[in-house]
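Just so you know, all these numbers are worked out from the coordinates, no wet-lab data involved. Just so you know, these numbers come straight off a predicted model, no measurement behind them. A quick note on method: Cβ atoms are made from the backbone with ideal geometry, for glycine too, and the neighbour counts reach across all protein chains shown.
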Amino acid sequence: MRIIITNHAKKRLRDYRQDKIKFTDIKNAAEQIPGQVPTATRFRGFVSSSGRVFDLVAKDIPNGRLVITIIGK
């Protein structure tokens with residue numbers, strides 16, 4: 001499955017709350033979501049390789065899975 005990360009999500013990764021969350025963490029989290037996601041939905045409780053807990057908002061589009069934003073804890 002193709003994972004597309006929006007510019008907004010990339011910008012959020014520079015914020016303090018999302019510190020130490022990498023693109024590979026986001027890709028792995030998005031791939032773990034089962035089934036189809038027809039509307040933007042918040043998925044909670046992912047853990048980055050550095051140990052930071054985060055949520056992500058994603059939805060499926062014809063080109064793949066779109067990651068809209070990242071919310072660090």
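Here are some conditions: (1) under 17 Å from Tyr16 (Cα atoms); (2) out of contact with any helix residue (DSSP H, G or I) (no Cβ under 7 Å at 6 or more places or on another chain); (3) surrounded by 12 or more Cβ atoms within 10 Å (Cβ to Cβ); (4) not aromatic (Phe, Trp, Tyr). Gly72 meets all but one. Which one does it not meet?
(2)
Could you list, in sequence order, all residues of region 1-38 that are out of contact with any strand residue (DSSP E or B) (no Cβ under 6 Å at 6 or more places or on another chain), of a type in the set (Ser, Thr, Tyr) and over 12 Å from Ile71 (Cα atoms)?
Thr24 - this is the single residue of region 1-38 that is out of contact with any strand residue (DSSP E or B) (no Cβ under 6 Å at 6 or more places or on another chain), of a type in the set (Ser, Thr, Tyr) and over 12 Å from Ile71 (Cα atoms).
Sort out which residues of region 1-14 are in contact (Cβ under 8 Å) with a residue 12 or more places away in the chain, surrounded by 12 or more Cβ atoms within 10 Å (Cβ to Cβ) and of a type in the set (D, E, K, R), and write them in order of number.
Matches in region 1-14: Arg12 only.
Just give me the residues in region 25-50 being in contact (Cβ under 8 Å) with a residue 12 or more places away in the chain, over 15 Å from Ile4 (Cβ atoms) and exposed (fewer than 13 other Cβ atoms within 10 Å of the Cβ), in sequence order.
The answer is Gln32, Gln36, Pro38, Thr39, Arg42, Ser49, Ser50.
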